[in-house]
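**Student:** First the structure, which I've put down as structure tokens, then a few questions once you've had a look.
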Amino acid sequence: ALVAILCRQFQVSRSQEEDMEKIRDSVDGAFVLASAALVFFMQAGFAMLCAGSVREKNCMNILLKNILDACVGAVVFYLVGFGFAYGTGSRTNSFIGNDDFWLQDITENHSWHLFFFQWAFAAATATIVSGSVAERCSFQAYILYSMFLTGFIYPVIVHWIWCGEGWLTAFATNGYGVDKASLLFSSGMIDFAGSGVVHMTGGLAGLMGATIIEPRSGRFNSDGSPNTNFHGHSMTLVVLGTFVLWFGWYGFNPGSQLGISTPLSLLIVGRTAVTTTLSGASSGVTALLLAKYKVGTWDLNVVCNGVLAGLVSITAGCSTVEPAAAILCGCIGAFVFDRACDLLLRWHIDDPLSAAPMHGFCGIWGVFFVGLMAKKQYVEQVYDRDRADDTPYGLFYGGGGELLACQIIGIVCIAVWTCGLIAPFFLSLKRMGLLRVKLCDESVGLDESHHGGKAYYQDDAPAGAVGVVSEVLPDARSQDTVL
Amino acid sequence: KFAEYLRNENMSEAVSEAFATIMCRQFNATQTEVSETAASLDGSFMLANTYLIFFMQAGFAMLCAGSVRTKNYMNILLKNVLDACFGAPVFYLVGYGFAYGAGTPTNKFIGNNDFALEDFTDWNVFIFQWAFAAATATIVSGSVAERCTFHAYIAYSTLLTGFVYPVVVHWVWSSEGWLTAFAKDDYATNKDDLLLNSGMMDFAGSGVVHMTGGFAGLMGAFFIGPRIGRFSPTGPNPDFQGHSNTLVVLGTFVLWFGWYGFNPGSQLTISTANDLTIVGRAAVTTTLSGACAGVAALFIAKYRDGIWDLAAVCNGVLAGLVGVTAGCAVVEPAAAILCGIISAFIFSGVCSLLLYLKIDDPLSAAPMHGFCGAWGVFFVGLMAKQQYVEQVYGRERSDSTPYGLFYGGGGELLGCQITGIISIIAWTCGTIGPFFFGMNKLGLLRVDREEEAMGLDESHHGGNEFKKDTTAVIEMKQGIVDVTGH
Amino acid sequence: KFAEYLRNENMSEAVSEAFATIMCRQFNATQTEVSETAASLDGSFMLANTYLIFFMQAGFAMLCAGSVRTKNYMNILLKNVLDACFGAPVFYLVGYGFAYGAGTPTNKFIGNNDFALEDFTDWNVFIFQWAFAAATATIVSGSVAERCTFHAYIAYSTLLTGFVYPVVVHWVWSSEGWLTAFAKDDYATNKDDLLLNSGMMDFAGSGVVHMTGGFAGLMGAFFIGPRIGRFSPTGPNPDFQGHSNTLVVLGTFVLWFGWYGFNPGSQLTISTANDLTIVGRAAVTTTLSGACAGVAALFIAKYRDGIWDLAAVCNGVLAGLVGVTAGCAVVEPAAAILCGIISAFIFSGVCSLLLYLKIDDPLSAAPMHGFCGAWGVFFVGLMAKQQYVEQVYGRERSDSTPYGLFYGGGGELLGCQITGIISIIAWTCGTIGPFFFGMNKLGLLRVDREEEAMGLDESHHGGNEFKKDTTAVIEMKQGIVDVTGH
């Protein structure tokens, strides 16, 4: 009798453990889904940020592009993007994925939620570009580059770095001890949440776009100085967008751990949230003081950009640096952003949203920073190298130059790949006359010329009735004119 | 291994008995902990989804505010805030009881227990259901916007949240309801209780939530009549545009975000591998349907009007999301794309139809929620995949469960879906219709012509909302401040 | 345990030893897995709530921006962004240490360890607490809006986040604090350490967060004086309305959304059945209180001013949410409704009182957070239900725990709550008051009259924020474009 009881109980015990495994998977799955929803919500943040940062006459245009980044992105990423990024066919490929197109096999491995998460990232990448070519890019060109970016350029980079098969990856599929020879310099490039993969790709594509499409008409005066009349039309929207993006970043960075069900991953996720916060916050403060010193005003727009620059900068290293290092990362991120903006103005590259300085250059800084300040213990935790005492880590902690070298190679390769594909693409569109809208359309505003109206309508309501974000002052003037 | 040990030791019966008891106690303790953890995970999942669904109120508010004219949008914002506020006590007092209360004996038509949450501790479930109820009530405000009196609004909002909607919920989502697809114990034993052995499958509420809200809105828009000047003899007046497209976009994104609580969250649990698959799939199909509907709407508008129309894309996205709500857990991604594209066409077509019929629905709530909702329910009857239906509705061990017609699953499911559509329309229109008709006859439904022309903000809410800096205006008039800000 | 048992049963030493080892290993493995998963679930829950609470910053920003006049709202937006930005490093360096640091020896008054998170790995806890601290600092900006200098803002924000608020947290929420209701080990053994065997119950911070912020704001508003022209000899000038009710509504919804992290999240864990019940109940009471306060505020304003007032409803909702924050876990749903309704009255009354006293609080932060917060803390002393107190504060095995006066729980809890209210007011006003007084004396607190009249955006932030399309202006001047859209 006892034997029977015991056997039964041990089966129960085993099934308990299996249950627990499933619950763990579910905890992880719920975590990934929640994170993905947050990352998706960043689309709303980008939309508000972009809308606030362009002139009123182009507001609908940029909003439409933001929505379509999510819509077109979903279709393209479903059909080919996800396959290029993570598909591992029978013969894997270290350069590009080659399976799982249109989710044909996804039912077997329960990874619906991973697709969902990755799509949210892809949509974020595409959105970055719209800012750089805002107010003058034609709609056809936008749809084409958006599809190209989401469907091919971005997925390939993802495959390199985040897929265990990629040549740049830091993930050893079978354990670091076994696989370390297959990693570049026994290390691989560490880009935890995508300073390089997402932000550099988007930012540098935007830089190419802004360079090739040329500045908005009238952006630079005849003496070469920038025209100061090109401000966005609503700071409220910029602030709202910034907060929504910051909120979404808590899905982006901590969510990139993709699991939370072990004590270790919980620790990593929590630390990531802390470093993300500290970097963004200290970058905002630095930007505030920098602008106060340079211009003499407490500049709201600069603080918002500073926060975002700090968040971009920490994205690569958020799980592998200490809180104090995160503060440093953010402070320098604000300087990088500021210098890059000045540089673009001097070169007469017109980037209305400063997407290239923010995502491109701060992204580069973020990837580089990991090579300097990745802490050994944290690298071991995050990249599962607990049993190896020779894993490369940050140079400043004495971890050798291997990691830094990987980071630099990663930066160069992402830059070359992105620019090398998107620049010819933009150039040929330009040659065909598809890239830019007509000058008259541009000066009327794209909303009027392409989208059949205006972003804001007032009616015969009492004076002062304007949209939430519409200008109060000129409106009163206009009432005068009309009356 | 243990057995060997013990046999070798020749333990006495009594000892082994006592020993077994200890073992069992230990195992049971662990078992309790495991199931508690699972329950907590599910609870936490449900609450997180509740919050997302609640946040859709913000999305509706922004969408509505952006889509009405400046002179009326304090009014519509107030209604949106109050949908959540009134909804909570009403749903607490009676709504939840009508929806899910299972008294003795139970009732197929209406719930009859749990009023005011007496002796009730499933707090999560209540708050989750409240978020749905509030969403339903909000849909209606759009259809009667810019002309409905505040009294009428309070009355219909209470009626809808407290009675009309809960009854529909009881039919479809309570396992006691006559239309339900949820078998009480087990599909094999209880399948005869289900309509046509199948029941109506409305996973997240294309029918229960959106059709109810949308058709209530249609009734409202029909009985209240169009806004003054909306239809001139030559056709619809184009001056009735919303005042801020930025708010429309913000609202759309917030709603889309909230939909990730609405659709995947309707699985209610996530703690098993099966749950997780279903939830993940629902998120993917939701995304694809909304996204493709947006793209389809873009091209429909481009073809029809020659412009890349922002508002059309926003509405298209929402139409696609409404469309896939019923089937998000039981259709394949490719089917979801199809569902979304057709939703965009349906939305666009019904909008034109309503304009032709001179029914004025400022927010297009009826085409979006009512008709795309009906399409969504219908679509499940066509494209529900057998394997997915089995997973979602617990019919793994049965080979006879009806599923989508296109996959050869027989017409039973489609029959249930059509029955459901007709019943929900009949019930909603049959209760809310006479209510609006009566209110209109009594002169309580619509504001005075002068008030409407002036704008409700001025007449009902103490002045237009956008207060001016008096000083700034004066300064500007004097030309002191350069309006360019330089 | 097993080993002993088996030894008693005359099993051989070695066998029983080996047997016990195997058994224990098996149990421990399962046990570890269970507790790890539970811990992860709790951590995931806490982080999700942190994000929601952080998002309240966006809500505050929108609410503030909508409630000030056009000429000052870049200023208030900047302050809102910086509350989060400054708050993070300050709270990291000292704030968290003052709040929760338990050095050797511990201190009842102030924390004394964990500065700059040295040797600290409870990352979740830190980030969760930071979100609360940032919320507290934000409350104050509303009270001194439109006239406070930027230097003064930076100084008080740092002082509040780094010192004043953490000390209050230490008193009430750290188990070392003198006011705490959390017994260190177990209520039965440690109850003598608690004030009146009870301690102050402030579940999510009506007192700790809202009163601290609100009364600091009151001090600020008092010492800085009213805005120019706010009070004419005949009474308050009605021209000082906010410029956008849409933003107010958006802010209200975002705050309400965030409150679901604030209140239910304050349970910190969700992995046991007890936790889950508490969390769910907190979500329900939060909803009902906020909703009913909104409805009450609607009718108060209708009765008083004759209009359906949107801003009043939004403020009412927030007042109700503040009111229930202390008691959300320990009161019944019906009590929460009562709590919300009275909150709306208190808010409305105190607003009138401040106007009468000529204290100018543009955002009504003091009535909302300060006074409704105090009401919320007081309310717990009246209506905390015994069973719920036992669940929440781990006093199941004690029949002597004090609870709400109305349920016959004795006056101890009410005594603690009143002590808490007085102590928090005294501490906040006693530290922030002299600070504002001194800044004012030094002339650092308030901007120049000319700057204030011009608007802070123009004088401090490089021009009014709403930049124009140059072309649009020119077109308007030429009268080409009819800007009314007709």
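**Student:** Rank-order B:315-326, A:177-188 by packing density, defined as the average count of other C-beta atoms within 10 Å over each peptide's residues, highest first.
**Tutor:** On the way: B:315-326: 33.0, A:177-188: 17.3.
Sorting B:315-326, A:177-188 by mean packing, highest first, produces B:315-326, A:177-188.
**Student:** Right, here's the next one. Which whole-number percent gives the relative contact order of the range C:336-437, counting Cα pairs below 8 Å spaced six or more residues apart?
**Tutor:** Relative contact order comes out at 21 percent.
**Student:** Given q = 0.20, 0.22 Å⁻¹, what are the Debye log10 I(q)/I(0) values for the range A:128-206, with equal point scatterers placed on the Cα positions and solvent ignored?
**Tutor:** So the normalised log intensities work out to -0.83, -0.93.
**Student:** Right, next: So what is the accessible area of chain B per residue, in Å², with the probe set to 1.4 Å?
**Tutor:** Working: 15110 Å² over 486 residues.
Roughly 31 Å² per residue, with all protein chains present.
**Student:** Convex hull over the alpha-carbon atoms of the range A:130-274: what's its volume per residue in Å³?
**Tutor:** Output value, Cα hull per residue: 167 Å³.
**Student:** Put a label point 7 Å from Cα along the Cβ direction on B:ASP185, then list its distances to the equivalent points in the other copies in nm, shortest first.
**Tutor:** 5.0
**Student:** Let me ask you something else. Kindly provide the helix-only [θ] at 222 nm of the protein assembly as shown, computed as the sum of -39,500 (n - 2.57) over DSSP H runs of four or more divided by all residues, to the nearest 500 deg cm²/dmol? Display every interim value, and only then the final one.
**Tutor:** On the way: 56 runs with 892 residues, N = 1455.
Taken over the protein assembly as shown, the calculation gives -20500 deg cm²/dmol.
**Student:** At C:PHE437, label 7 Å along Cα→Cβ: distances to the other copies, nm, ascending?
**Tutor:** The projected label point of C:PHE437 is separated from its counterparts by 7.2 nm.
**Student:** Quick one: net charge around A:ALA85, please, counting Lys, Arg +1 and Asp, Glu -1 for every other residue with C-beta under 11 Å from its C-beta. Each step should come with its number before you reach the end.
**Tutor:** Details: positive: none; negative: A:ASP99, A:ASP100, A:GLU165.
So the surrounding residues net to -3.
**Student:** Then there's this: I'd like the trypsin sites (Lys or Arg not before Pro) in the range A:346-423 restricted to DSSP loop residues with at most 15 other Cβ atoms within 10 Å, sorted by number.
**Tutor:** Working: sites: A:ARG346, A:LYS375, A:LYS376, A:ARG385, A:ARG387; in loops: A:LYS375, A:ARG385, A:ARG387.
Those satisfying the criteria are A:ARG387.
**Student:** Rank these residues by their accessible area, most exposed first, probe 1.4 Å: A:ARG431, A:ARG136, A:ARG436.
**Tutor:** Values: A:ARG431 205, A:ARG136 0, A:ARG436 65 Å².
Descending accessible area places them as A:ARG431, A:ARG436, A:ARG136.
**Student:** Tell me, what ³J(HN,Hα) does each residue in the range B:314-321 have, in order and in whole Hz, if you take phi through Karplus 6.51 cos²θ - 1.76 cosθ + 1.60 with θ = phi - 60° and put x for Gly and Pro?
**Tutor:** Result, rounded to whole Hz: 4, 5, x, 4, 5, 4, x, 5.
**Student:** What number, in percent, do you get for the relative contact order of chain B if the mean sequence gap of Cα pairs under 8 Å and at least 6 apart is divided by its residue count? Walk me through the numbers before you get to the answer.
**Tutor:** Details: 891 pairs, mean separation 98.1, N = 486.
It rounds to 20 percent for chain B.
**Student:** I'd like the Karplus ³J(HN,Hα) series for the range C:300-306: coefficients 6.51, -1.76, 1.60, θ = phi - 60°, whole numbers in Hz, and an x wherever there's a Gly or Pro.
**Tutor:** Values per residue, Gly and Pro as x: 4, 5, 4, 5, 7, 10, x Hz.
**Student:** Continuing with this model, one more query. Could you state the orientation-averaged shadow area of the convex hull built on the Cα atoms of the range B:198-273, in nm² to one decimal? Please report the intermediate quantities before stating the final value.
**Tutor:** Working: hull surface 35.2 nm².
The orientation-averaged projected area of the Cα hull of the range B:198-273 comes to 8.8 nm².
**Student:** Would you grab the residues whose amide H sits under 5 Å from the one on A:ARG436? Only those 5+ places off in sequence or on another chain, please, with H modelled 1.01 Å from N.
**Tutor:** For A:ARG436, the qualifying residues are A:SER138.
**Student:** A further question on this structure: Place a +1 charge on the Cβ of each Lys and Arg in chain C and a -1 charge on the Cβ of each Asp and Glu, then give the dipole magnitude about the Cα centre in debye, rounded to the nearest 20. Walk me through the numbers before you get to the answer.
**Tutor:** Numbers: 25 positive and 40 negative charges, 280 e Å.
The calculated dipole for chain C is roughly 1340 debye.
**Student:** Let me check the size of chain A from its C-alpha atoms; what are the radius of gyration and Dmax in Å?
**Tutor:** Both quantities, over Cα of chain A: 24.0, 99 Å.
**Student:** Still on this structure, please answer the following. What pairs in B:LYS71/B:LYS358; A:LYS454/B:LYS441; A:LYS430/B:LYS302; B:LYS71/C:LYS302; C:LYS79/C:LYS358; A:LYS57/B:LYS71 have C-alpha atoms more than 28 Å from each other?
**Tutor:** Values: B:LYS71/B:LYS358 22 Å; A:LYS454/B:LYS441 39 Å; A:LYS430/B:LYS302 23 Å; B:LYS71/C:LYS302 20 Å; C:LYS79/C:LYS358 25 Å; A:LYS57/B:LYS71 22 Å.
In this structure, A:LYS454/B:LYS441 lie more than 28 Å apart at Cα.
**Student:** Please give the total accessible area that chains C and B bury against each other, computed with a 1.4 Å probe and expressed in Å² to the nearest 100. Don't skip to the answer; put the middle values down first.
**Tutor:** Working: alone 21120 and 21530 Å², together 36240 Å².
Buried area (both sides, nearest 100 Å²): 6400 Å².
**Student:** Tell me the accessible surface of C:LEU338 in square angstrom (1.4 angstrom probe, heavy atoms of protein chains only), to the nearest ten.
**Tutor:** Using a 1.4 Å probe on the heavy atoms, I get roughly 80 Å².
**Student:** Can you classify chain B as rounded, prolate or oblate using the Cα gyration tensor, where a ≥ b ≥ c are the square roots of its eigenvalues, rounded means a/c under 1.5, and otherwise it's prolate if a/b beats b/c and oblate if not? Please list the in-between numbers first.
**Tutor:** On the way: a/c = 2.04, a/b = 1.86, b/c = 1.09.
Since a/c reaches 1.5 and a/b is larger than b/c, the shape of chain B is classed as prolate.
**Student:** Within the set of other residues whose C-beta is less than 12 Å from the C-beta of A:GLY452, count the net charge using Lys and Arg as +1 and Asp and Glu as -1. It would help to have the intermediate numbers written out before the result.
**Tutor:** Working: positive: A:LYS454, B:LYS302, B:ARG304; negative: A:ASP447, A:GLU448, B:ASP305, B:ASP309.
With Lys, Arg at +1 and Asp, Glu at -1, the neighbours total -1.
**Student:** Please work out the C-alpha center-to-center distance from the range A:156-193 to the range B:341-413 and express it in whole Å.
**Tutor:** 45 Å
**Student:** Percent relative contact order of the range C:18-171, based on C-alpha pairs within less than 8 angstrom and at least six residues apart? Write down the numbers at each step before the final one.
**Tutor:** On the way: 167 pairs, mean separation 45.6, N = 154.
Reported relative contact order: 30 percent.
**Student:** A further question on this structure: How big is the range B:353-424 by Rg and Dmax over its Cα atoms, in Å?
**Tutor:** Cα-based Rg and Dmax for the range B:353-424 come out at 15.8, 52 Å.
**Student:** Between rounded, prolate and oblate, where does the protein assembly as shown land on the alpha carbon gyration tensor, with a ≥ b ≥ c its root eigenvalues, rounded for a/c under 1.5, else prolate if a/b exceeds b/c?
**Tutor:** Verdict is rounded for the protein assembly as shown.
**Student:** Of C:SER289, C:SER67, which has the most accessible area with a 1.4 Å probe, and how do the rest follow in descending order?
**Tutor:** Working: C:SER289 0, C:SER67 25 Å².
Reading off the accessible areas and sorting them downward yields C:SER67, C:SER289.
**Student:** Also, quick follow-up: Per residue of the range B:43-60, in order, report the coupling 6.51 cos²θ - 1.76 cosθ + 1.60 (Karplus, θ = phi - 60°) as ³J(HN,Hα) in whole Hz, putting x for Gly and Pro.
**Tutor:** x, 5, 4, 5, 5, 4, 5, 4, 5, 4, 5, 4, 5, 4, 4, 5, x, 4
**Student:** Just check the range A:67-212 against the gyration tensor rule for me: Cα atoms, a ≥ b ≥ c as the square roots of the eigenvalues, rounded for a/c under 1.5, and otherwise prolate or oblate depending on whether a/b exceeds b/c. Can you show the working numbers first?
**Tutor:** Values: a/c = 2.53, a/b = 1.51, b/c = 1.68.
It is oblate, given that a/c is not under 1.5 and a/b is not larger than b/c.
**Student:** Looking only at other chains, what is the average number of their beta-carbon atoms within 10 angstrom of each beta-carbon in A:292-305?
**Tutor:** Details: counts 1, 0, 0, 1, 2, 8, 13, 5, 15, 5, 2, 5, 3, 0.
What the average comes to for A:292-305 is 4.
**Student:** Within 10 Å of each Cβ in peptide C:116-124, how many partner chain Cβ atoms are there on average? Round it to a whole number, please.
**Tutor:** Numbers: counts 2, 5, 0, 0, 2, 3, 2, 12, 7.
For this peptide, the per-residue mean of nearby foreign Cβ atoms is 4.
**Student:** Could you give, in nm with one decimal, how far C:PHE109 is from each other copy of that position, shortest first, with labels 7 Å out from Cα toward Cβ?
**Tutor:** Taking the point 7 Å beyond Cα along Cα→Cβ, the inter-copy spacings are 7.1 nm.
**Student:** Quick one: which residues, 5+ away or cross-chain, put their amide H under 5 Å from the amide H of C:TRP173? H built at 1.01 Å from N.
**Tutor:** For C:TRP173, whose amide H was placed from the backbone, there are no distant partners under 5 Å.
**Student:** Further question: Can you give the local net charge around C:GLN31? Use residues other than it whose beta-carbon is closer than 12 angstrom to its beta-carbon, Lys and Arg +1, Asp and Glu -1. If you can, show how the numbers build up before the last one.
**Tutor:** Details: positive: C:ARG25; negative: A:GLU17, B:GLU33, C:GLU33, C:GLU36.
Summing Lys and Arg as +1 and Asp and Glu as -1 gives -3.
**Student:** For C:PHE231, enumerate residues with amide H under 5 Å from its amide H, sequence gap 5+ or separate chain, H modeled in the peptide plane.
**Tutor:** Distant-sequence amide H within range of C:PHE231: C:ASN237.
**Student:** In Å, what is the Rg of the alpha-carbon atoms in the range C:242-352, and how long is Dmax?
**Tutor:** 14.6, 50
The values are calculated or read from the model by the stated rules, or taken from the named source; none is laboratory data. Everything numeric in this text was worked out from a predicted model, so none of it was measured. Neighbour counts are summed over all protein chains in view; Cβ atoms, including those assigned to glycine, are modelled from backbone coordinates with ideal geometry. For accessibility, only protein heavy atoms count, side chains too; no ligands or nucleic acids. Shrake-Rupley method; radii C 1.70, N 1.55, O 1.52, S 1.80 Å.
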